[in-house]
Amino acid sequence: MSTTTLLPNDTDISLDDYCVFGLATCFLKDDGEFHQVRVIEPIPSAALEAICKGIPTSYELACAKSIGEILTGETLTKTAEFPDDAQFCDNFTERTLAAVRTYQTRPDAKSLIPLGTVKKDLNFSLEKKRVLNAVNVVKVEDNVKQHSHTHQVL
């Protein structure tokens, strides 16, 4: 087993560490219209457990790989499970390292998708769109008015 570390500051993570990568269907909003994009992103263990229990998800598939198959130095490698039009998510390396740590602390989650396999029987749904570039604009009307006695001791 290799003990090659991915980054000098991350000595707790090696290229052989387990991680699940998903193909998500997301949307970009441009001038009031939505454009569909397919995104490859790491799935943390808690999210994987929920997805495997059947909650609706934007993931079309999830595959378990060692991170060395996807991350090689500074280069990201798209494997055969992912279509050509799919793109890697923002902050992919950082998010992958964070997801790997979730599998290190919860090793029982690795049994949901064995290393090297792909799970396609997910409850895929686009009912709730994942908008990647959504901007949350807070207005004065959004403030909740509190009763005048809320912070008083009576």
(request) Please report how far the C-alpha centroid of region 57-74 lies from that of region 76-111, rounded to the nearest whole angstrom. (result) 4 Å
(request) First compute the accessible area of the chain with a 1.4 Å probe, then give the percent of it belonging to carbon and sulfur atoms. (result) 51 percent
(message) Tell me which of Val135, Thr79, Gln146 sits at the most positive position along the dipole axis of the chain, charges placed on C-beta atoms (Lys, Arg +1; Asp, Glu -1).
(response) Gln146
(message) Run the reach check for Lys128 against lysines, Cα to Cα strictly under 24 Å, same-chain hits fewer than 8 apart removed. What comes back?
(response) Lys29, Lys53, Lys119, Lys120, Lys139
(message) Using a 7 Å offset from the Cα along the Cα-to-Cβ direction at both Leu132 and Ala80, what is the distance between the two label points in nm, to one decimal?
(response) 2.6 nm
(message) Could you compute the net charge surrounding Asp85? Neighbours are other residues with a C-beta less than 13 Å from the C-beta of Asp85; K and R count +1, D and E count -1.
(response) 0
(message) Taking the full set of protein chains and a 1.4 angstrom probe, give the accessible area of Val137 in square angstrom, rounded to the nearest 10.
(response) 100 Å²
(message) As I understand it, the value is the acute angle between the Cα axis of helix 92-105 and the longest principal axis of the Cα atoms of the chain; what does it come to in degrees, rounded to 10?
(response) 80 degrees
(request) Could you work out how far apart the two model spin labels at Asn91 and Val37 are, taking each label as a point 7 Å from the Cα in the direction of the beta carbon, and quote it in nm? (result) 1.5 nm
(message) Calculate the FRET efficiency for Leu61 and Lys29 from the Cβ-Cβ distance with a Förster distance of 35 Å, rounded to the nearest 0.05.
(response) 0.90
(request) Report the paramagnetic label zone for Lys139: residues of region 28-53 whose backbone N is under 13 Å from a point 7 Å from Cα along the Cα-to-Cβ axis. (result) none
(message) With every protein chain left in place and a probe of 1.4 Å, what is the accessible surface of Ile55, to the nearest 10 Å²?
(response) 80 Å²
(request) Would you kindly calculate the mean projected area, averaged across all directions, of the convex hull enclosing the Cα atoms of the chain, in square nanometres? (result) 14.5 nm²
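The values are calculated or read from the model by the stated rules, or taken from the named source; none is laboratory data. Since this is a predicted model, take the numbers as computed values, not measurements. Every residue, glycine among them, receives a Cβ derived from its backbone with ideal geometry; neighbour counts consider all protein chains shown. Side chains included, ligands, DNA and RNA excluded: accessible areas come from the protein's heavy atoms. Shrake-Rupley method; radii C 1.70, N 1.55, O 1.52, S 1.80 Å.
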